[in-house]
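The values are calculated or read from the model by the stated rules, or taken from the named source; none is laboratory data. Keep in mind the model is a prediction, meaning the values are calculated, not measured. Using ideal geometry, Cβ is built from the backbone for each residue, glycine included, and neighbour counts are taken over all protein chains shown. To get the accessible areas, we keep the full protein, side chains included, count just its heavy atoms, and leave off ligands, DNA and RNA. Shrake-Rupley method; radii C 1.70, N 1.55, O 1.52, S 1.80 Å.
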Amino acid sequence: MDRFKKFIKSRYGMDSLNKFLILASLVLSIFQGLAASYDKVKLAGFLSTFAISFFVFFAYRALSGNMALRRLENEKFRKISWPLRKNLRKKPRDKKYVYFTCPNCHKSLRAPKNLGKIRVTCKECHRQFEVRT
């Protein structure tokens with residue numbers, strides 16, 4: 001048991017990319033099962049191959065001892081997936097306000113709706129600009 005604990009302790013484990021790989025493998029397996037139930041044999045085989053390859057890559061990364069390389073891979077994945085993750089985390093906006101960004105520092109600002117054209121001063125960079133509400 002101590003050998004197993006020592007082995008696992010020196011391995012990379014889970015990160016964002018591994019979570020994506022295991023989720024993608026699960027989703028592809030579900031679609032593979034649906035394709036097989038509709039007698040789409042070629043599609044089911046294709047999906048099954050991808051699901052297995054994603055799972056094997058997940059296991060390889062999770063049990064890898066090269067932690068520096070796995071961190072670099074995860075960092076690249078997070079940079080590539082940032083626009084999608086950013087849009088998924090957006091908070092519901094209040095319908096009483098108009099939201100816009102400062103053209104200088106890109107800080108998110110808001111103003112009450114239906115005021116017409118107003119002059120706004122950014123709280124971050126103190127630049128003044130006009131917006132229509």
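Worth a mention:
- If you go through region 74-87 and keep only what is aromatic (Phe, Trp, Tyr) and either surrounded by fewer than 13 Cβ atoms within 10 Å (Cβ to Cβ) or free of Cβ contacts under 8 Å to residues at least 40 places away in the same chain (or both), you end up with just Trp82.
- Being acidic (Asp, Glu) and open to solvent by less than 60 Å² (accessible area, probe 1.4 Å) is a condition met by no residue of region 88-99.
- If only residues of region 31-58 that are exposed (fewer than 14 other Cβ atoms within 10 Å of the Cβ) and either part of a loop (DSSP other than H, G, I, E, B) or aliphatic (A, V, I, L, M) (or both) are counted, the one that is modelled with the highest pLDDT is Val56.
- Residue match in region 60-80 (condition: more than 25 Å from Ser10 (Cβ to Cβ), assigned to a helix (DSSP H, G or I) and either out of contact with any Cys (no Cβ under 7 Å at 6 or more places or on another chain) or not hydroxyl-bearing (Ser, Thr, Tyr) (or both)): yes
- Taken over region 115-127, the residue count meeting the criterion of being open to solvent by less than 100 Å² (accessible area, probe 1.4 Å) and assigned to a strand (DSSP E or B) is 3.
- Checking Arg71, Arg11 one by one, the residue that is open to solvent by less than 100 Å² (accessible area, probe 1.4 Å), within 24 Å of the chain's Cα centre (by Cα) and among the charged types (D, E, K, R) is Arg11 and no other.
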